[in-house]
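Undergrad: Please read through the structure below; I'll follow up with questions.
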Amino acid sequence: MGIMCLDSRMSYFIIIRGPAGVGKSTISKRVAEAVRGCYVSFDSILDEHQLDVVPPGMDGIPAENFIKGNVIAIQKTKKLLGKGTPIIFDGCFYRKAQYEHLLASLPAKSFVFSLKAPVEECIKRDAARVRPIGEDSVRAVHSMVSELEIGVPVETVGKSEEQVLQKILSYLPTVL
């Protein structure tokens with residue numbers, strides 16, 4: 001289902017957001033390993049529950065579908081968060097309603113990071129994937145994600161995975 005958990009004692013959750021092809025999943029999994037947390041892929045949840053459908057004439061997945069995805073993710077992770085396991089949410093988060101719903105639904109400290117890269121770089125990275133979503137979709141998602149400025153911006157172009165990881169970890173509580 002796109003959820004991978006490790007053990008920890010710190011209670012917080014992290015949202016790693018950004019456009020398609022920016023490196024969210026790669027970095028989110030690395031963060032989950034580093035903080036011994038639980039990785040949650042919104043793409044996997046939406047796909048598994050057929051919530052990733054864009055209705056004709058609509059610009060992207062409806063907010064209601066993202067909120068349904070939130071509810072599924074929250075049900076599976078709230079208990080872990082209560083036990084002190086950090087949760088790392090990986091998703092585009094281009095709908096403000098999804099972001100606000102998740103923040104309001106989880107009673108824990110939150111950290112939000114917005115991964116950044118030019119649309120041309122995201123298109124190039126998407127094309128190299130096993131299951132690319134295509135140039136038009138990357139452009140659309142990039143545009144929608146860029147409209148919602150939230151969290152700490154983290155530039156990924158010209159940075160190694162390790163450099164991006166270390167920047168994010170520098171904002172988080174240290175694991176004892």
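The values are calculated or read from the model by the stated rules, or taken from the named source; none is laboratory data. This structure is a prediction, so every number in the text was calculated from the model and none was measured. Counting neighbours? That spans all protein chains shown, and the Cβs are built from the backbone with ideal geometry, glycine included.
So that you can scan it fast, the table gives a plain yes or no per residue for (1) within 12 Å of residue 11 (Cβ to Cβ); (2) surrounded by 15 or more Cβ atoms within 10 Å (Cβ to Cβ); (3) among the β-branched types (Val, Ile, Thr):
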site: 80; (1), (2), (3): yes, yes, no
site: 85; (1), (2), (3): yes, yes, yes
site: 98; (1), (2), (3): no, yes, no
site: 105; (1), (2), (3): no, no, no
site: 116; (1), (2), (3): no, yes, no
site: 119; (1), (2), (3): no, yes, yes
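Undergrad: If you don't mind, another one. Could you run through the range 87-96 and say how many residues are of a type outside the set (A, V, I, L, M, F, W, C) and surrounded by fewer than 24 Cβ atoms within 10 Å (Cβ to Cβ)?
TA: In the first step, residues of the range 87-96 are kept if they are of a type outside the set (A, V, I, L, M, F, W, C); the result is 90-91, 94-96.
Of the ones still in play, those that are also surrounded by fewer than 24 Cβ atoms within 10 Å (Cβ to Cβ) are 95-96.
Final tally of qualifying residues: 2.
Undergrad: Under 6 Å between Cβ atoms, which residue pairs at least 6 apart in sequence (or on different chains) link something in the range 148-172 that is under 21 Å from residue 95 (Cα atoms) with a partner that is small (Gly, Ala, Ser) and surrounded by 16 or more Cβ atoms within 10 Å (Cβ to Cβ)?
TA: 151/114; 153/114
Undergrad: If we keep just the residues of the range 50-71 that are surrounded by 13 or more Cβ atoms within 10 Å (Cβ to Cβ), of a type in the set (Gly, Ala, Ser) and under 21 Å from residue 139 (Cβ atoms), which is modelled with the lowest pLDDT?
TA: 60
Undergrad: May I pose another question? Are there any pairs with C-beta distances below 8 angstrom linking a residue in the range 23-48 that is on the phi > 0 side of the Ramachandran plot to a residue that is assigned to a helix (DSSP H, G or I) and among the basic types (Lys, Arg), with the two at least 6 apart or on different chains, and if so which?
TA: Note: pairs meeting the criteria are 23/125.
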